[in-house]
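First the structure, in the form of structure tokens, and then the observations on it.
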Amino acid sequence: MNRALNGQRFSWQRLRAMMFKEFIQMRRDRLTFAMMVGIPMMQLILFGFAINSDPRNLPTAVFDRDHGPFGRALVAHMVASGYFRVVEEIQEDAQIEAGLALGRVQFVVSIPEGFSREVARGRRPELLIEADATDPAATSNALGTVSVLAWHALDRELRGPLAGLRSGPPPFELKMHRRYNQEGITQYNVVPGLMGVVLTMTMVIMTALAVTRERERGTMESLLVTPLRPIEVMLGKIFPYVVVGYIQMTLILVAARVIFGVPVVGNIGVLMVASVVFIMANLAVGFTFSTLARNQLQAMQMGFFYFLPNILLSGFMFPFRGMPEWAQRVGELLPLTHFLRIVRGVMLKGNGPEEILGEVGALGVFMLVVSVVALKRYRQTLD
Amino acid sequence: MSAAIEVQGLTKRFQGRTVVDHLSLTVPQGRILGFLGPNGSGKTTTIRMLCGLLTPDEGEGRCLGLDIRTQSHAIKRQIGYMTQRFSLYEDLSIRENLDFSARVHGLPERKARVEAAIERLGLTARRHQLAGELSGGWKQRLALAACLLHQPRLLLLDEPTAGVDPKARREFWEQIHAMAAEGLTVLVTTHYMDEAERCHAIAYIAQGKLLATGSVEEVIRGAGLTTFSVAPAHGGAETGLLARRLRGVPGIELVAPFGALLHVGGGDREALLAALEPFRREADFLWREDAPTLEDVFIQWMPAQSPGESRP
């Protein structure tokens, strides 16, 4: 039989009919359309402006026990390099630990007593720079700069009889101490961080889908007409995923230890307790999305839209301090940012409850605000 | 005896469009009210307002003696609502679905009740089968069983028998009547005329307005319709052709084929007789005046309204 008559030949007309229908449906689904424009825009802004793999202006504390001219000159040169920004003058040893553990400063420069005198005598005194190296990417360039800078930093100060010290090795011995991650192993930073990323992705998308599915399948209406109250539906939907979240965390923790050899300095129990706030915060976000999305596709898209800034601005992929001020402010609003500080703090720095309290508090505020929005959005009535 | 449903002036608008327009309705306890009307006439919206899923823009009323605006939570405990779509969980088994309903209502002796419901359904052997695998008739039976578990006093059924075979429909109605005899009040929407005639009373709604209420006979009488059955007098006579000629003639409001017969009718008897005069003189057809059916009444009401437009 003739193929053309049989209608088996490729038909431009039918192809056009199909494409035309697709365009109509695309246009009808406003949210999908907005996402198709919004997601590239967001990527453009985040990748183009916010991300910087060569972080500068890193907060630095100076512990100057010498108060001599050479120490001050050296610090001035470090600041001039653009990598360091002195935010704190500390007076005692305990502050070094605190500044680094809380992540308030990235570096602590310790100038020993008699530094200037020893330099002048050509005895090459020790100068200690301690760095929070949990994220090797954030510190490596800065530390590299210091070792180069050390050779000539004091040239101008070494005058007259001291001019002879200009040539040869630096007039002091530079000691760099990479705290928390001595060998600068990237996995130590990435694997704990991954815990936060995995939790964000699954918790948000799972909850968003779970509720949207009820609506899409028409079971929501029956649910609404039962005596179930909104808070009961919300908690009942969320709780099973808290359990899933803990299973995921355990898996990653075991993998971090066994496969990647990530040290676990702090108390896992503390981490587990703190995580509940983070998990709940993400679930509340997912629940809010489910009240906005009309179908599961939209819920997925919203989840992705939320995931993108979380992964880029939280300090997971790129050093948090490398971002411009505005991006850091946005990052501070995201729960993943705070969770990363908690999980890295506990696992690598050995932080305890007191050190992570501030971050847990931030997560708690986020969770409360989003939960209120979710409950308000979830309507007991259909109107 | 108090009324199970008693609402006045119920109104609901969606984006400026009035979906339910000052609807007042009373259903005495233990009665079955058939809620009829074309698609999109506001039946589902009315039901949703009755059970507290939607807040009415205007109007007030009581369901089982409870205020529909302020006491919807208490109403929800005492009603069973079967939605238009099968709304149990397709990925849960028959037993799990019923068990969930029982738990949500906090029923005592849950397991026994669920087992009894499964037995009554005759699904004991299949209780672990997923609800999604059931046929249309069985889904409907299961959904009904689920909304009866907590022994509601009022049952709201939104097109419960759509897509269900005649045998299952008949059994369904027998069950409904048996329960009504025990005092359960039922409000049921349907498009089937035979089902409408099984109700104690019917209410007809169009464009959100209640056009008629009462027993089937009262509604038919109230419509004041005069109808004729037209049969072909010989093999060459075509009722189809006659129907085409009759349509649009002033005074004739109903032209509906019933097999080989044609139903012709109108609300104004004098005008109808005058309009039919020239046609009745033709020898090709036999004209016989008969009692209008409920369907005649509905069809006469329907063409004036198309969905989304208001009646002129």
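The values are calculated or read from the model by the stated rules, or taken from the named source; none is laboratory data. Fair warning: this is a prediction, and the values are worked out from it, not measured in the lab. With ideal geometry, Cβ positions are generated from the backbone for all residues, glycine too; neighbour counts draw on all protein chains shown.
Residues are listed down the side, and each one gets a yes or a no for (1) crowded, with 22+ Cβ neighbours inside 10 Å; (2) within 13 Å of another protein chain (Cβ to nearest Cβ):
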site: B:L33; (1), (2): yes, no
site: B:S41; (1), (2): yes, no
site: B:A74; (1), (2): no, yes
site: B:Q78; (1), (2): no, yes
site: B:R85; (1), (2): no, yes
site: B:A112; (1), (2): no, no
site: B:I118; (1), (2): no, no
Return only the number of the condition from (1) more than 14 Å from chain A (Cβ to nearest Cβ); (2) touching a strand residue (DSSP E or B) at 6+ places or on another chain (Cβ under 7 Å); (3) crowded, with 16+ Cβ neighbours inside 10 Å that B:L50 does not satisfy. (1)
Residue check: is A:P55 in contact (Cβ under 8 Å) with a residue 60 or more places away in the chain, out of contact with any Ser or Thr (no Cβ under 7 Å at 6 or more places or on another chain) and part of a loop (DSSP other than H, G, I, E, B)? yes
Residue list for segment B:7-34, restricted to those being in contact (Cβ under 8 Å) with a residue 24 or more places away in the chain and either part of a loop (DSSP other than H, G, I, E, B) or not assigned by TED's automatic domain parsing to the domain that holds B:A201 (or both): B:Q29, B:G30, B:R31
Which of the following residues is in contact with a Pro (Cβ under 7 Å, 6 or more places away or on another chain), of a type in the set (A, V, I, L, M) and either assigned by TED's automatic domain parsing to the domain that holds A:Q95 or at pLDDT below 90 (or both): A:L127, A:L154? A:L154
Selection from segment B:72-95 of residues that are over 24 Å from the mean Cα position of the chain (by Cα) and in contact (Cβ under 8 Å) with a residue 12 or more places away in the chain: B:H73, B:Y89, B:E90, B:D91, B:L92, B:S93, B:I94, B:R95
Can you name every one of the strands (runs of 3 or more DSSP E) wholly within segment B:189-269 that holds 1 or more residues which are within 30 Å of B:L156 (Cα to Cα)? B:201-206, B:209-214
Within segment B:74-119, restricting to residues that are among the β-branched types (V, I, T) and in a helix (DSSP H, G or I), the one that is nearest to A:S222 (Cα to Cα) is B:V104
So, in segment A:203-221, exactly how many residues are closer than 25 Å to B:L149 by Cβ, of a type in the set (G, A, S) and at pLDDT 85 or above? 1
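Being modelled with pLDDT under 90, within 14 Å of the chain's Cα centre (by Cα) and not in a strand (DSSP E or B) narrows it down to one of B:G52, B:G40, so name that one.
Within the list B:G52, B:G40, the selection yields B:G40.
Return the residues of segment A:240-278 that are aromatic (F, W, Y) and closer than 19 Å to A:L363 by Cα; say none if nothing qualifies.
Within segment A:240-278, A:Y241, A:Y246, A:F278 meet the criteria.
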Test B:G106 against the criterion of being of a type outside the set (D, E) and farther than 28 Å from A:K237 by Cβ, and give yes or no. no
With the first residue restricted to segment A:212-227 and required to be closer than 18 Å to B:G52 by Cβ, and the second required to be surrounded by 18 or more Cβ atoms within 10 Å (Cβ to Cβ) and among the basic types (K, R), Cβ contacts under 8 Å at 6 or more apart or on different chains are A:V225/B:K76; A:T226/B:K76; A:P227/B:K76
How many residues are more than 14 Å from every other protein chain (Cβ to nearest Cβ) and not in a helix (DSSP H, G or I) if we restrict to segment B:120-143? 7
Look at segment A:89-117 and say how many of its residues are surrounded by fewer than 16 Cβ atoms within 10 Å (Cβ to Cβ) and not in a helix (DSSP H, G or I). 6
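Conditions tested, residue by residue: (1) at negative phi; (2) not aliphatic (A, V, I, L, M).
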site: A:I90; (1), (2): yes, no
site: A:G99; (1), (2): yes, yes
site: A:G103; (1), (2): no, yes
site: A:F107; (1), (2): yes, yes
site: A:S110; (1), (2): yes, yes
site: A:F115; (1), (2): yes, yes
site: A:R124; (1), (2): no, yes
site: A:E130; (1), (2): yes, yes
site: A:S140; (1), (2): yes, yes
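Does segment A:216-234 contain any residue that is within 14 Å of chain B (Cβ to nearest Cβ), more than 20 Å from B:D91 (Cβ to Cβ) and buried (at least 20 other Cβ atoms within 10 Å of the Cβ)?
yes
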For segment B:96-105 the number of residues that are more than 7 Å from chain A (Cβ to nearest Cβ), of a type in the set (A, V, I, L, M, F, W, C) and without any contact (Cβ under 8 Å) to a residue 40 or more places away in the chain is 1
Odd one out for B:A178 among (1) over 13 Å from the mean Cα position of the chain (by Cα); (2) buried (at least 16 other Cβ atoms within 10 Å of the Cβ): (2)
Please pick out the residue among B:A146, B:A168, B:A178, B:A162 that is hydrophobic (A, V, I, L, M, F, W, C), more than 24 Å from B:Y204 (Cβ to Cβ), at pLDDT below 90 and not in a strand (DSSP E or B). B:A168
